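The values are calculated or read from the model by the stated rules, or taken from the named source; none is laboratory data. If you're wondering where the values come from, they're calculated on a predicted model, not measured in any experiment. For neighbour counting, all protein chains shown are included, and Cβ atoms are generated from backbone atoms with ideal geometry for every residue, glycine included.
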Amino acid sequence: MMRLALPRYLLLLVPLVVFTSLGEAAPPETFKPTEEQLQAIHERSAKLEKALGILRRQGVRDPFFAEIEIYWKAADWITRHNEFYQKEAVAWTIEALDRGLLRANQQGAGESPWLAQRGQPVVRAYRSRIDNSVQPYAVTFPADYAKDLAKRWRVDVVLHGRNARLTEVSFLHQFNGDRLAPKDLNHIQIDIYGRGNNAYRWAGEMDVYEAIDHFLGVEKMLRRENLVDSTRVVLRGFSMGGAGTWHLGLHRPDRWCVLGPGAGFTVTKGYAPAQLLPNPMPSYIEDCLHIYDAADYAENIFDVPVVAYSGEKDKQIEAVRNIEARLKGTNLSIVHLIAPGLEHKFPAEWQQKAEQEYAKYVAKGRTDYPKRVRFVTWTLRYANCDWVHIVGLEEHYKKALVDAEQLETHYEVKTSNVRVLNLTMPPGSARHETTFKIDGEKIVTRPVFTSSGEMNVFLEKRQGHWYPVIPQRLFTKGLRTMQKLSGLHGPIDDAFTQPFVCVRGTQKPWHEATQKYADQNLKRFQGEWDRYFRGELPVVDDNDLSGEDISRAHLILFGDPSSNRAIAQVIDGLPIEWTKDSLVVNGHKYDAKNHVPVLIFPSPLNPERYVVINSGHTFRAADLEATNAMLFPRLGDWAVLQLDPTESNPLNTKVMEAGIFDDFWKFKKK
């Protein structure tokens, strides 16, 4: 196989994508545009907005519409947040609007030539299913892509480092196509925006998968999907991109043929400054660190090879050392390239060395159905690896393991901390009796067809013994016990990784103080989502909540049962008692005048979705502007907050009690 060369154009763009420390704080000073410059931006924005309106009336839809709208969105966000961080930012904004107008004119003529662009970066965009926002990414196709229809191409997914000056405008300028890719580029490259600087966590994590899915969807629309080799997908990045590669790669090891993390971090404690962490740290926060601490998933290196890079003098070399410490006592290892004498840098010569190591694994690719899967997780947020799907845990945030192997006569399965398991049979399997030896017990059962068209075997552990079970018993309303399942497990912050809608109360509240807190908390969340997750928060009044909203989205409800009609509709199905006089949570009674409940729970209106009461993200703007290691939950599944507003912090509260529901959505026994 031909050795895959590193794209030289990436090296030319380094000044725009500054691989800064993950601990960089607030954004830098801005360059104030002149009135004339702002007027030029406004005029072009209005012109592009008008063109978008015409296209919409003509029936133009996504993906074409989003890939034009992104230019308007970029100009809107940079002006609304005054993010002119570079001297050239005004010129880049005007450039973006001009390119958007060009695409609008092309689309108006029934053409979209950017979809056929090869040999240079091209900006793409998709509409996020989370909040309907338009988010950018970039694709670089080799110059000879699609010329040989029998050739299948490797795909590199690249995660950028933290860059306090990063905006949609600077991202669009970076990948505007002015720089050609090298002629010997031998793979497709997808550069991720990630909704800015969030270490690819929460909605930033979903941005990676949504961008990949959008890319594949467009290739399918263009009938080019057979040119993309899904068994040879590389995930790589440096600094914050390295941290993202560690956690995305080890959480979903079945999606990649090799991981290429450079520097980054893999644990919270020991990386985040101690003075920023809660002291003492409550158990519900400590438990939630297992969601994103990549070192906890180190053993998933069994399922995907890793080629890590560090500078010898870079403090972030600890990222690899934390992984290696978790691998002691196993036969698992990684390739670790160490650049002598270097600090936090990833120069071209070492990128070439890393590429040579990636190529060894790219040549092999992934197996569609590996004979053995050994998968570790701590939460049902990450529950799948190849043909192994963990449906239920015995206890969340405790290490769970499935070691499953397909042998000639049966499947050999060993588990730890697993309550419900789904195993997918190989493609083309007949529906015949299959033998499973699981944790020393022998089970003979037939697989069942699921809606995905695959054949699956579901196994459930009850009172220490395993039994075959039909999926309807687990998932069908009325047949299943309320339980945490994959996709429905908490904590509160998990609700904002899937479609959600915030519901604002319009009725008379019980108490002015608690309603003021709810209103200000929604406003706080709205501002932080807009600035740090690069989208407009979906908000409706309680009178306008629709059946479609209830069906498709998690409901984030602000207020009390008197002020918010949606809360009044669900309160009887929640594990709390809430009246005008009192609030009862976990057996404790509080004065409703100055206490509010905060929780996540399966929605009584739709048990396949969450309902959240009085909370957006549980971390705040200060955490988003500090090190990315601070983006961990500050509450678990539930809490009672005592209002303690101050002049400087009207949202100040005291946590009276908080915790994590057990795996049957009940308060844990004390």
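Restricting region 453-502 to residues that are touching a Gly at 6+ places or on another chain (Cβ under 8 Å), in a strand (DSSP E or B) and closer than 18 Å to Val420 by Cα leaves a set whose member that is modelled with the highest pLDDT is Glu460.
When each of Ala75, Ala66 is tested for being in contact with a strand residue (DSSP E or B) (Cβ under 9 Å, 6 or more places away or on another chain), buried (at least 18 other Cβ atoms within 10 Å of the Cβ) and closer than 20 Å to Arg195 by Cβ, the lone residue that passes is Ala66. Which of the residues belonging to region 155-207 are within 13 Å of the chain's Cα centre (by Cα) and either part of a loop (DSSP other than H, G, I, E, B) or free of Cβ contacts under 8 Å to residues at least 60 places away in the same chain (or both)? Result: Ile192, Tyr193, Gly194, Arg195, Gly196, Asn197, Asn198, Ala199, Tyr200, Arg201, Trp202.
The residue that is farthest from Tyr590 (Cα to Cα), among those in region 652-665 that are among the hydrophobic types (A, V, I, L, M, F, W, C) and not in a strand (DSSP E or B), is Phe664. Here Ala96 fulfils each of the conditions (1) without any contact (Cβ under 8 Å) to a residue 40 or more places away in the chain; (2) in a helix (DSSP H, G or I) apart from (1). Taking the listed residues Gly365, Gly341, the one that is closer than 23 Å to Val157 by Cβ, more than 24 Å from the chain's Cα centre (by Cα) and at pLDDT 95 or above is Gly365, with no other qualifying. Yes or no: region 642-651 includes at least one residue that is without any contact (Cβ under 8 Å) to a residue 12 or more places away in the chain, within 30 Å of Asn163 (Cβ to Cβ) and assigned to a helix (DSSP H, G or I). No, because not a single residue in region 642-651 is without any contact (Cβ under 8 Å) to a residue 12 or more places away in the chain, within 30 Å of Asn163 (Cβ to Cβ) and assigned to a helix (DSSP H, G or I).
So, restricting to strands (runs of 3 or more DSSP E) that lie completely within region 279-389, which ones have at least 3 residues that are free of Cβ contacts under 8 Å to residues at least 60 places away in the same chain and over 21 Å from Gly264 (Cα atoms)?
Answer list for region 279-389: none.
In region 277-288 there is at least one residue matching the filter, namely being under 30 Å from Leu599 (Cα atoms) and more than 26 Å from the chain's Cα centre (by Cα).
Out of curiosity, is Glu83 farther than 27 Å from Arg154 by Cβ, buried (at least 16 other Cβ atoms within 10 Å of the Cβ), in contact with a strand residue (DSSP E or B) (Cβ under 6 Å, 6 or more places away or on another chain) and modelled with pLDDT of 95 or more?
So Glu83 fails the test.
For Ala146, the criteria (1) outside any loop (DSSP other than H, G, I, E, B); (2) on the phi > 0 side of the Ramachandran plot hold in every case but one, which is (1).
Among the residues making up region 586-599, those that are over 16 Å from Pro491 (Cβ atoms), assigned to a strand (DSSP E or B) and not acidic (Asp, Glu) are His588, Lys589, Tyr590, His595, Val596.
Per-residue answers, yes or no, for (1) modelled with pLDDT of 95 or more; (2) in a strand (DSSP E or B); (3) surrounded by 19 or more Cβ atoms within 10 Å (Cβ to Cβ); (4) polar (S, T, N, Q):
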| site | (1), (2), (3), (4) |
| --- | --- |
| Glu412 | yes, yes, no, no |
| Leu421 | yes, yes, yes, no |
| Ala430 | no, no, no, no |
| Phe436 | yes, yes, yes, no |
| Val444 | yes, yes, no, no |
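Pairs meeting the criteria (first residue in region 597-608 and assigned by TED's automatic domain parsing to the domain that holds Leu641 and more than 11 Å from Gln569 (Cβ to Cβ), second residue surrounded by 18 or more Cβ atoms within 10 Å (Cβ to Cβ) and basic (Lys, Arg), beta carbons under 8 Å, at least 6 apart or on different chains) are Pro602/Arg609. Residue count for region 340-374 satisfying the condition of being at positive phi and surrounded by fewer than 13 Cβ atoms within 10 Å (Cβ to Cβ): 1. Identify, please: which residue in region 22-37 is surrounded by fewer than 16 Cβ atoms within 10 Å (Cβ to Cβ) and under 34 Å from the mean Cα position of the chain (by Cα) and is, among those, modelled with the lowest pLDDT? Among those residues, the one meeting the criterion is Ala25. Restricting region 557-584 to residues that are assigned to a helix (DSSP H, G or I) and of a type in the set (Val, Ile, Thr) leaves a set whose member that is surrounded by the fewest Cβ atoms within 10 Å (Cβ to Cβ) is Val570. Within region 600-626, the set of residues being assigned to a loop (DSSP other than H, G, I, E, B) and farther than 22 Å from Thr379 by Cβ comprises Pro604, Leu605, Asn614, Arg620, Ala626.
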